[in-house]
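What follows is a single structure, written as structure tokens, with notes after it.
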């Protein structure tokens, strides 16, 4: 603890030396961003009928669910008294932005995501229950919630309901992540956070990261299954990723230019921080490697005629850089916002521990956990139903 | 629905309801009796603090008294009140040199010489007991709240330790107590002021630089002081309704 004082440069209010929100709070907007982004990609197919992205529809929904299930865990782990977290449901303080978290989360999880996945998979679940025996049958029977009707009318009703849920889902996904932005953007004491642009920047960066991860997972899963990548699909996703990225980058630049031009009382302090302790993470990793390079790569794939193989390579690199850049953006918002003193007279240092409750190890675990959850979900609810054996031989011939 | 089933559902409903009620009642019993202050009426007070910057000599008595009285952790990262030393070499408002070694707990080792052309002074800080507290606004469960007597208090048995309030305070007045993992801050020595005493810091201040005042008490000298002095609050642009009034506050203080 005493070592913390050596990380201080200039003057911090004494209570500010120690950082309050750790790497776990960086994970929270990162994970929910992936959820919102993946869902919005799925709704492209459902609501806007972009048929080209159909191969990723179910994958996107399952990805959103896997990340949403893990998203509250870092928050829970961070709380001084996790056992009291239910108080937020029982006695929410209505003026608090944070108090709404539980309600928005449950709404999104139960009324949107789980419902939509269930409707999408109901036919498969019923068929799986009919075709299996023993515990497996019992499991799918429970998942089917007693439904067994696969008539044309019933399936049409599924589809219509699912369309409505998606339609409600889009503003809900906006709410889920715009709200996360609001938690930071509404803190007037902190000039690094306090901007009405924060929710909308969070929203577009969420779309960018969610689209990137589904793109990456689709290519990875297809490769692992030994199938051919649907190029029309990845090209379309790549295009939407580029569009979302351009809007996201414009918004972030607008914020930056506004800050530079206005140059209010906090500007010199923040400017110095960006040029020193945050330089690598903010300028090099977030803006150059995590934004400009992937935008250039995606634009390249769009305008230059590249071979399929080259385009896949471009998409893999662009998506990986994107995820790194968005993670850096979350880091720079959460951690960067606590590195300077609210007196604007000094800076502190974030020292991440390793195997402690809020250390690097649990953070890595929580970043990997959604992939394990996703793997399990994909086993239970295959996103790409296997074709019958005879059609498979034709496909592979 | 057959009778047996209806009865069963009714019984389960009652049980569920009763369990909740019993849990609440048990919580109430566990909470015990609040510390008695029989003659204190919260609605008859509106507490504030006057800080006379020109009278502060940076002795650190207030910081020590506060830590002692309120059992504040002794490490240099936890303060309900602390003292800052401002040094303005050329009278440059924008670039003050500020330090607060151990929050002023051990006083200040001499650093600046009189007559070198610089401006030097001490600024005691504490929770501003804001009337429109950003920290109260953001608490997700209402564990921190504005009492009708104008103090901002914390219910430690209800605090989640989410630290949102620490982020929301523009003055850096809050910290997480490492022993309880809940938030802590100055409560104007609530256990003292509700019994007619003044705060520990005011009591220990040798120059009368800090004075507790009750704005609802017409006889309190705070009214006369506020009328006759040019007072200012910290960061007025934050519009927090701060009730820590500083006399002789330099424009460089933030």
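Ranking of A:329, A:324 by neighbouring Cβ atoms within 10 Å, starting from the fewest: A:324, A:329.
Residues B:41, B:55 in ascending order of nearby Cβ atoms (within 10 Å, fewest first): B:41, B:55. Taking the longest Cα principal axis of chain B as reference, the axis of helix B:3-31 is set at about 30 degrees. Taking other Cβ atoms within 10 Å as a rough exposure proxy, A:43, A:95 sort from fewest to most as A:95, A:43. Rounded to the nearest 10 degrees, the inclination of helix A:23-46 to the longest alpha-carbon principal axis of chain A is 40 degrees.
Building the convex hull from the alpha-carbon atoms of chain B and averaging its projection over directions returns 18.5 nm². At an R0 of 60 angstrom, the distance between the Cβ atoms of residue B:90 and residue B:181 translates into a FRET efficiency of 0.85.
Angle, helix A:360-380 long axis vs. longest principal axis of chain A, Cα atoms, 0 to 90°, nearest 10? In chain A, helix A:360-380 runs at an angle near 10 degrees to the longest axis. Orientation-averaged projection of chain A equals 22.7 nm² [convex hull of Cα atoms, one quarter of hull surface area]. Adding -39500 (n - 2.57) for every DSSP H run of four residues or longer, then dividing by how many residues chain A holds, sets the calculated 222 nm ellipticity at -21000 deg cm²/dmol. Among rounded, prolate and oblate, which fits region A:57-207 when a ≥ b ≥ c are the square roots of the eigenvalues of its C-alpha gyration tensor, a/c under 1.5 means rounded, and a/b larger than b/c means prolate? Prolate.
So for region A:233-276, considering every pair of alpha-carbon atoms, how many percent are separated by more than 12 Å? Show your work: numbers first, answer last.
Working: 645 of 946 pairs.
Counting every Cα pair in region A:233-276, those more than 12 Å apart make up 68 percent.
Mean per-residue shielding of peptide B:170-183 is 4, counting Cβ atoms of other chains within 10 Å of each Cβ.
For a test of the definition: using alpha carbon positions, the gyration tensor, and the 1.5 limit on a/c, classify region A:174-253 as rounded, prolate or oblate. Write out the running numbers ahead of the final one.
Values: a/c = 4.15, a/b = 2.61, b/c = 1.59.
Because a/c hits 1.5 or more and a/b exceeds b/c, region A:174-253 counts as prolate.
On full extension, the segment bounded by residue B:237 and residue B:216 gains 5.0 nm, given 0.36 nm per residue less the C-alpha separation.
Between residue A:305 and residue A:8, what is the FRET efficiency for a Förster distance of 51 Å, r being their Cβ-Cβ separation, to the nearest 0.05?
Given R0 = 51 Å and the Cβ-Cβ separation, E is 0.40.
In the elastic network of chain A, a GNM with C-alpha springs shorter than 10 Å, the most mobile of A:80, A:181, A:169 is A:80. Considering helices alone, the calculated mean residue ellipticity of chain B at 222 nm is -7500 deg cm²/dmol, with DSSP H runs of length four and up weighted by -39500 (n - 2.57) and normalised per residue.
Any read-out appearing in this document is the output of simple, stated calculations on the displayed coordinates, not a laboratory observation. Here the structure is a predicted model, which means the values were calculated and not measured. Methodologically, a virtual Cβ is constructed for each residue, glycine included, from the backbone with ideal geometry; neighbour enumeration extends over all protein chains shown.
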